[in-house]
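Encoded as structure tokens, the structure appears first; notes follow it.
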Amino acid sequence: MTNRQVPLVVIKRLPRYHRYLGELLDNRIYRVSSTELSEKMGVTASQIRQDLNYFGGFGQQGYGYNVQMLYDAITALLGLNKGYKTVIIGAGNLGRALANYAGFSKRGFSLIGIFDTNPALIGKEVSGQIIKHYDDAKDFIKAEKPDIAILAVPKVTVNRVAEDMVSYGIKALWNFAHVDLDLPGDVIIENVHLSDSLMTLSYRMSEFGERK
């Protein structure tokens, strides 16, 4: 990797590269040009070359990209080969849906625990995990040392839960509550707002309707 700081917009495109390259491998396509990749991704060929140049380029003039080599390189860049351990806090509808998402294990994330405060959910099994009471989270996290906490809790409690997770030693939070967490220090936070995506879709539908 070069010493240049990689723009966030480029980092956010890496998962898309990874996904499309994986589809090429599934279809037994082992070489691809930036032009062919641009047609699949809806990004210009020059933008693809510029993005990948932040990490060393990978392509060869007149040959294009070795799909397996580029896929493996992006896998490493994304840290998907490190085997991160995760816990889910909140076993409501969203928490259970996330627990059942098969893409976690496929991409190297192992779910090792689920926690909630609802007595009706404690003891039930989700994706091979027994839902434990939130009061047990502290000892479990200190013993098992998960890397990531997935927060699927209400907005009114997420700040307290996030602070708990950090105090227990977790340094990466994937937050699904409808509020942007902003914790001090070396905590990595990814805030996910599903409603933002829905409103973006609504805007595009309205814009399309006006053009018709």
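The values are calculated or read from the model by the stated rules, or taken from the named source; none is laboratory data. Predicted model, so just to flag it, every value in this text is computed and none were measured. We place every Cβ from the backbone using ideal geometry, glycine too, and count neighbours over all the protein chains shown. These area figures cover heavy atoms from the full protein model, side chains too; ligands, DNA and RNA do not enter into them. Shrake-Rupley method; radii C 1.70, N 1.55, O 1.52, S 1.80 Å.
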Report summary line: Sorted largest first, the C-alpha extents of the range 16-57 along its principal axes in whole angstrom are 26, 20, 16
Requested in this report: Please report, as a whole percent, how much of the solvent-accessible surface of the range 32-179 comes from carbon and sulfur atoms (probe radius 1.4 Å).
Outcome: 50 percent
Report task. Find the relative contact order for the range 101-197 and round it to a whole percent, using C-alpha pairs within less than 8 Å whose residues are 6+ positions apart. Result -> 18 percent
Query raised in the report: Amide H of V126: which non-local residues (sequence gap of 5 or more, or other chain) have their own amide H closer than 5 Å, using H built in the peptide plane?
Result: I131
Query raised in the report: Once phi is turned into ³J(HN,Hα) by the Karplus curve 6.51 cos²θ - 1.76 cosθ + 1.60 with θ = phi - 60°, what whole-Hz value does each residue of the range 93-102 show in order, with x for glycine and proline?
Result: 4, 5, x, 5, 4, 5, 4, 8, 6, 5
Report summary line: For R49, the accessible surface traced by a 1.4 Å probe with all protein chains present amounts, in square angstrom to the nearest 10, to 110 Å²
Report task. Any lysines with Cα under 26 Å of the K138 Cα? List them, leaving off those in the same chain fewer than 8 positions away. Result -> K82, K85, K124, K155, K171
Query raised in the report: How about the range 86-164: which chymotrypsin sites (Phe, Trp or Tyr not before Pro) there lie in a loop by DSSP and see at most 16 other Cβ atoms within 10 Å?
Result: Y101
**Report entry** In nm, spacing of pseudo-spin labels at M41 and S197 (7 Å Cα→C-beta vector)
**Finding:** 1.9 nm
Report task. Rounded to the nearest 500, what is the 222 nm mean residue ellipticity of the chain from helices alone, with -39500 (n - 2.57) per DSSP H run of 4+ residues and division by all residues? Result -> -14000 deg cm²/dmol
Query raised in the report: Going highest first, how would you order 151-157, 35-41 by mean Cβ packing within 10 Å?
Result: 151-157, 35-41
Report summary line: Regression test value, accessible area per residue of the chain, probe 1.4 Å, units Å², expected 60 Å²
Query raised in the report: So how strong a dipole does the chain carry about its Cα centre when Lys and Arg Cβ are +1 and Asp and Glu Cβ are -1, to the nearest 20 debye?
Result: 520 debye
Report summary line: Per the 1/(1 + (r/R0)^6) rule, R0 = 35 Å and r from the Cβ atoms of L8 and K106, FRET efficiency to 0.05 is 0.90
Query raised in the report: Looking at N191, N66, N175, which one has the Cα that reaches farthest to the positive end of the dipole of the chain (charges on Cβ: Lys, Arg +1; Asp, Glu -1)?
Result: N66
